[in-house]
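Working notes, structure below.
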Amino acid sequence: MNQLLTYIFQDWEVNKQTSLKSRLVLSSFRASQLLSKLPYPFRLVTYLYQIFAEILFAIELPFDTKIGSNLQLQHGFSLVVNHATTIGSNCIIRHSTTIGNKILCDGSTSSSPVIGDNVEIGCNVVILGPIEIGNNAVIGAGAIVVSNVPEHAVVAGNPAKIIRLNSIHSDLSYVNR
């Protein structure tokens, strides 16, 4: 039972400075992940989470999204995350952010982004397509990210471009010229 509660409330402490809304949505998200593994009639409870998060708080964070521990939602309002997205541990996502797939030229849909650990995402950010955001990256407010972001990079703009690398160990071949 203790492990269950630890799993459900794993994001609680890192969100103590954000809002009660973030804490409630994330603990409900984690509980829904567990409930989705139950047999059919019981897993219907996951729909209550979706109604709760989407209608009351305008946060689309499907229960089957893969998210590491200690996710921080800063002002989580107007957040949209595709269910096929993967988000690492210790990430921060701010309000009005969209993370998902895109429609390709042939009409099919791409896969969704894979976001590394310790990534900080500013407000009004759009991250689309089959891309990877490296560990310790920072995505500036208002950025439109449609290509890979290396580890330790700070990106901003539309389309997002690297404006700085925060580590001398980063791959300098990514720097825009």
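For region 56-77, name all the residues that are part of a strand (DSSP E or B) and surrounded by fewer than 16 Cβ atoms within 10 Å (Cβ to Cβ). Give the steps one after another, and end with the answer.
Start the filter on region 56-77 by keeping residues that are part of a strand (DSSP E or B), which leaves 59-60, 66-67, 72-74.
Listed by number, the list holds a single entry, K66.
Could you count how many residues in region 23-55 are part of a loop (DSSP other than H, G, I, E, B) and under 21 Å from V80 (Cβ atoms)?
Our first condition is that a residue be part of a loop (DSSP other than H, G, I, E, B); within region 23-55, this holds for 36-39, 44-45.
After this cut, where a residue has to be under 21 Å from V80 (Cβ atoms) as well, the list is 36.
The number of residues fulfilling the criteria is 1.
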Note: among F9, F57, F29, just one is over 28 Å from K102 (Cβ atoms) and of a type in the set (F, W, Y), namely F9
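Can you find even one residue in region 162-169 that is surrounded by 16 or more Cβ atoms within 10 Å (Cβ to Cβ), in contact (Cβ under 8 Å) with a residue 24 or more places away in the chain and assigned to a strand (DSSP E or B)? Step through it out loud before you land on a result.
Pass one, region 162-169, residues surrounded by 16 or more Cβ atoms within 10 Å (Cβ to Cβ): 162, 165.
The next check asks that each one be in contact (Cβ under 8 Å) with a residue 24 or more places away in the chain; those that pass are none.
Checking region 162-169: not a single residue is surrounded by 16 or more Cβ atoms within 10 Å (Cβ to Cβ), in contact (Cβ under 8 Å) with a residue 24 or more places away in the chain and assigned to a strand (DSSP E or B).
On the basis of being among the aromatic types (F, W, Y), over 15 Å from the mean Cα position of the chain (by Cα) and either surrounded by fewer than 18 Cβ atoms within 10 Å (Cβ to Cβ) or within 29 Å of H152 (Cβ to Cβ) (or both), does F9 make the cut?
On the way: among the aromatic types (F, W, Y): yes; over 15 Å from the mean Cα position of the chain (by Cα): yes; either surrounded by fewer than 18 Cβ atoms within 10 Å (Cβ to Cβ) or within 29 Å of H152 (Cβ to Cβ) (or both): yes.
When the stated conditions are applied, F9 passes them.
Out of curiosity, is L20 more than 16 Å from the chain's Cα centre (by Cα), of a type outside the set (D, E, K, R), farther than 17 Å from H83 by Cα and surrounded by fewer than 13 Cβ atoms within 10 Å (Cβ to Cβ)?
On the way: more than 16 Å from the chain's Cα centre (by Cα): yes; of a type outside the set (D, E, K, R): yes; farther than 17 Å from H83 by Cα: yes; surrounded by fewer than 13 Cβ atoms within 10 Å (Cβ to Cβ): yes.
It is true that L20 is more than 16 Å from the chain's Cα centre (by Cα), of a type outside the set (D, E, K, R), farther than 17 Å from H83 by Cα and surrounded by fewer than 13 Cβ atoms within 10 Å (Cβ to Cβ).
Quick grid of which residues meet (1) closer than 21 Å to L104 by Cβ; (2) among the small types (G, A, S); (3) under 17 Å from the mean Cα position of the chain (by Cα):
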| position | (1), (2), (3) |
| --- | --- |
| N124 | no, no, yes |
| N135 | no, no, yes |
| I144 | yes, no, yes |
| A156 | no, yes, no |
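Tell me whether region 101-108 contains one or more residues that are crowded, with 20+ Cβ neighbours inside 10 Å and part of a strand (DSSP E or B).
So the first thing to find is which residues in region 101-108 are crowded, with 20+ Cβ neighbours inside 10 Å, and the list is none.
Scanning region 101-108 turns up no residue that is crowded, with 20+ Cβ neighbours inside 10 Å and part of a strand (DSSP E or B).
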| message | Here is a check on your reading of the model: is V80 surrounded by fewer than 19 Cβ atoms within 10 Å (Cβ to Cβ), of a type in the set (V, I, T) and modelled with pLDDT of 95 or more? | response | yes
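So that you can scan it fast, the table gives a plain yes or no per residue for (1) at pLDDT 95 or above; (2) among the acidic types (D, E); (3) out of contact with any strand residue (DSSP E or B) (no Cβ under 6 Å at 6 or more places or on another chain):
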{"site": "P113", "(1), (2), (3)": "yes, no, no"}
{"site": "V119", "(1), (2), (3)": "yes, no, no"}
{"site": "V125", "(1), (2), (3)": "yes, no, no"}
{"site": "P130", "(1), (2), (3)": "yes, no, yes"}
{"site": "I133", "(1), (2), (3)": "yes, no, no"}
{"site": "I144", "(1), (2), (3)": "yes, no, no"}
{"site": "N148", "(1), (2), (3)": "yes, no, no"}
{"site": "H169", "(1), (2), (3)": "no, no, yes"}
Among I139, I67, the single one that is under 30 Å from L44 (Cβ atoms) and among the aliphatic types (A, V, I, L, M) is I67
Going through region 8-22 in order, the residues found to be in a helix (DSSP H, G or I), more than 18 Å from F77 (Cα to Cα) and in contact with a Ser or Thr (Cβ under 9 Å, 6 or more places away or on another chain) are I8
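The values are calculated or read from the model by the stated rules, or taken from the named source; none is laboratory data. No experiment lies behind these values; they were computed from the predicted model shown. Don't worry about glycine lacking a Cβ; one is built from the backbone with ideal geometry, like all the others, and counts go over all protein chains shown.
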